[in-house]
Amino acid sequence: MLRDRARSAAILVPPLLVAMWLGGPWIALVVGLAVVLAARELFRLLTAAGHHSMPMLGIVLAVVVALGDSVKVLPGGSGLLLASLGIVLVGTGALTRLDPREGLAVFATTTFGALYVGMLGFVVRLSTTDSPVDPAAILGFLGPERAWILALVLVVWAFDTFAYFTGRRFGKRPFMHHISPSKTLEGVGGGLGAAGIVGALFVAALGRPWLAGLVFGVVLAAAAQAGDLVESMLKRAAGSKESGTLIPGHGGMLDRVDSFLFAAPVAYFYVVSVLH
């Protein structure tokens with residue numbers, strides 16, 4: 001199990017680190033590719049669960065939702081406008097279904113899938129926030145463009161890793177057993193504690209209050225756990241153990257980014273409202 005997780009990390013970590021170092025459009029490129037792959041897997045799961053959709057249009061809309069704010073050619077940004085136009089196209093396409101009930105289902109499912117996977121775009125938004133870091137701090141050299149993305153990644157990884165180890169060693173009481181039988185309260189508690197410590201240390205190393213970092217870590221970990229469980233719910237509804245076979249030993253891209261789908265927007269909100 002740990003060897004498979006290491007192989008999974010070996011595939012995903014280098015592109016992410018290189019993109020963070022290069023910054024700017026490279027981060028958007030990596031996120032956009034992840035969105036395309038994850039959206040393909042999501043619409044396959046939805047189809048397997050009996051929910052009709054328009055996958056190709058949904059994938060395009062997911063990319064627009066994720067990266068639309070990167071386009072600055074329109075006054076005030078263009079993310080919401082482009083996403084709205086995409087939803088108009090989805091609704092128009094749904095009108096071609098002869099059964100109105102099927103058309104409504106296609107409209108709702110396609111829009112849901114695009115918005116759900118498109119939330120990964122908040123990783124890119126984190127790189128554009130002007131929430132300051134202290135240049136004189138230990139990790140101040142990272143700057144806000146890299147610091148807050150790295151904070152998100154480290155907190156989520158800390159939660160996942162320690163929840164796994166704590167659950168394996170001490171887990172007795174089930175947590176959300178109807179969705180994920182292997183999860184335990186002890187595992188969740190261990191993951192939350194580790195995420196809080198990592199958040200406190202990392203945010204303090206950026207020259208910000210450690211207590212705000214502690215809350216940052218715990219809140220992000222809770223969001224990451226919810227994201228993981230939602231994807232598990234989707235897979236159980238589809239009768240599938242994994243979202244795909246892209247990554248050896250760890251399923252598909254959606255399996256790898258499920259926690260970030262919920263944690264990224266929560267991280268962005270916390271950074272711009274509390275750590276600004």
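Of interest is the spacing of the C-alpha centroids, which for region 26-62 and region 184-201 amounts to 31 Å.
So how do D69, D130 line up by other beta-carbon neighbours within 10 Å, fewest first?
Final ranking by Cβ density, sparse to dense: D130, D69.
Among L82, L95, L89, a tally of other beta-carbon atoms within 10 Å of each Cβ gives an order, fewest to most, of L95, L89, L82. Near T184, the amide H atoms lying under 5 Å from its own belong to F175; only residues 5 or more places off or on other chains count, and H is placed 1.01 Å from N. Using only the Cα atoms of the chain, each taken as one equal point scatterer with no solvent, compute I(q) by the Debye sum, divide by I(0), and report log10 of the ratio at q = 0.16 Å⁻¹. Debye curve over Cα of the chain, log10 I(q)/I(0) at q = 0.16 Å⁻¹: -1.29. Per residue, the convex hull spanned by the Cα atoms of region 166-276 amounts to 114 cubic angstrom. Taking the helices alone, the chain has a mean residue ellipticity at 222 nm of -25000 deg cm²/dmol, built from -39,500 (n - 2.57) per DSSP H run of at least 4 residues and averaged over all its residues. Could you give the distance between the Cα centres of region 81-158 and region 209-259, to the whole Å? If you average the Cα positions of each part, the centres end up 15 Å apart. Shown for V203, V274, V188: other C-beta atoms within 10 Å of each C-beta, ranked fewest to most, produce the order V274, V188, V203.
Each reported figure results from applying straightforward, stated rules to the coordinates on display, with no laboratory input. Just so we're clear, the structure is a prediction, and the values are computed from it rather than from any experiment. Counting neighbours? That spans all protein chains shown, and the Cβs are built from the backbone with ideal geometry, glycine included.
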